[in-house]
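Visitor: One structure is given below, represented as structure tokens, and several questions about it will come after.
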Amino acid sequence: MNPGKLNTRIIIKQLIKSADGFGGFTNTVTTYGTIWGDVKQISGKRDTNNGQRSTKTQVEVICRARTIDDVNANATKDWIFQIEGNNLTYRVNDLFQSELKYYTKIIGTKID
């Protein structure tokens, strides 16, 4: 991993369920923190669902392991992230932490 490639700021957010006062729940988004990483778009799959076309874009973020140690691997379904300068939101699908080179790879899919 080349540290010079970690030049994109990623804003990590968390979805939290909170009671709405009427017996149900609502999702709220809170900012967890920011990290620096290398972002690459790895796929862009087109689907047609009920006559409506959509694109599922996947990105790969590589960052230092120590900056993301707080992320619980079992709670990745509750984490989302945004790339600074881009208003698109991505849901974390996979999280791989390498002990060999001390980096973490995050795979995310764009939320429509």
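The values are calculated or read from the model by the stated rules, or taken from the named source; none is laboratory data. Since this is a predicted model, take the numbers as computed values, not measurements. Note: ideal-geometry Cβ built from the backbone for every residue, glycine included; neighbour counts use all protein chains shown. Ligands, DNA and RNA are excluded from the accessible area calculation, which covers all protein heavy atoms including side chains. Shrake-Rupley method; radii C 1.70, N 1.55, O 1.52, S 1.80 Å.
Visitor: Restricting attention to region 56-100, which residues are at pLDDT below 85, open to solvent by less than 40 Å² (accessible area, probe 1.4 Å) and among the β-branched types (Val, Ile, Thr)?
Guide: Ile68, Val71, Thr76
Visitor: Moving on. Starting from residues that are without any contact (Cβ under 8 Å) to a residue 12 or more places away in the chain and among the aromatic types (Phe, Trp, Tyr), keep the ones in region 10-50 and report whichever is surrounded by the most Cβ atoms within 10 Å (Cβ to Cβ).
Guide: Phe25
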